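I have placed the structure first, in the form of structure tokens, so that the comments after it can refer back to it.
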Amino acid sequence: MKENIGTHRDEAFLSYKDGIFTYRSNYGIDKFCDYSFDLNKVTKMNSEYSDDFYIQGRQLIYVQCDYDKAGQGNFYNNLSISGPNYNNYRTPFSFTPDQALVDRLKKAFATLVEYNSTKKEASEAF
């Protein structure tokens with residue numbers, strides 16, 4: 001995922017630890033927002049018949065911008081992975097041109113959804 005970040009040239013990978021993927025989006029000189037996606041919270045994804053590939057989970061994304069007080073960012077529940085993005089979800093990745101990779105990601109996220117929904121302990125991290 002790290003290699004495909006950057007649907008916009010002002011985004012950069014920051015870290016990945018315990019299922020939390022973080023990147024920074026710069027929107028001016030010394031102005032930024034950090035986005036954290038918690039893969040441990042992925043509990044749904046699009047229908048297998050949809051061209052729009054997205055994942056969902058309660059407080060899946062946390063956004064902390066330079067103007068926010070520490071810990072007072074915003075949470076979002078949806079993330080677009082590839083496709084037309086009909087619902088206008090956040091889109092940090094550029095997977096759409098590589099259909100083979102998109103197909104593998106769909107299988108991986110389907111497994112992750114099943115695992116997070118039924119098998120994971122409360123204290124367990126991906």
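The values are calculated or read from the model by the stated rules, or taken from the named source; none is laboratory data. Note that this is a predicted model, so its numbers are computed, not measured. Heads up, the Cβs are rebuilt from the backbone with ideal geometry, glycines too, and the neighbour counts pull from every protein chain shown. In case anyone asks, the SASA skips ligands and DNA or RNA and just uses the protein heavy atoms, side chains included. Shrake-Rupley method; radii C 1.70, N 1.55, O 1.52, S 1.80 Å.
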Original post:
Which net charge results when you count Lys and Arg as +1 and Asp and Glu as -1 among the other residues whose beta-carbon is under 9 Å from that of P84?
Top reply: -2
Subject >> Fraction of alpha-carbon pairs over 19 Å apart in the chain - percent >> reply: 50 percent
**OP:** Run the dipole for the stretch 38-122 about the Cα centre, Lys and Arg Cβ at +1, Asp and Glu Cβ at -1, nothing else charged, and hand back the magnitude in debye, nearest 20.
**Re:** 260 debye
Subject >> Spatially near lysine pairs across the chain, Cα under 15 Å, sequence gap of 8 or more or different chains >> reply: 9
Original post:
Quick one: if you stick a label point 7 Å off each Cα along the C-beta vector at K17 and N74, how many nm between them?
Top reply: 2.7 nm
**OP:** Using a 1.4 angstrom probe on heavy atoms only, work out the carbon and sulfur share of the accessible area of the chain in %.
**Re:** 48 percent
Original post:
Relative contact order for the chain: what is it in percent, counting Cα pairs under 8 Å that are at least 6 residues apart?
Top reply: 22 percent
Subject >> Two-site label geometry, F32 and Y49: point separation in nm, points 7 Å out along Cα→Cβ >> reply: 4.4 nm
Original post:
Residues of the chain: accessible area per residue at 1.4 Å, in Å²?
Top reply: 63 Å²
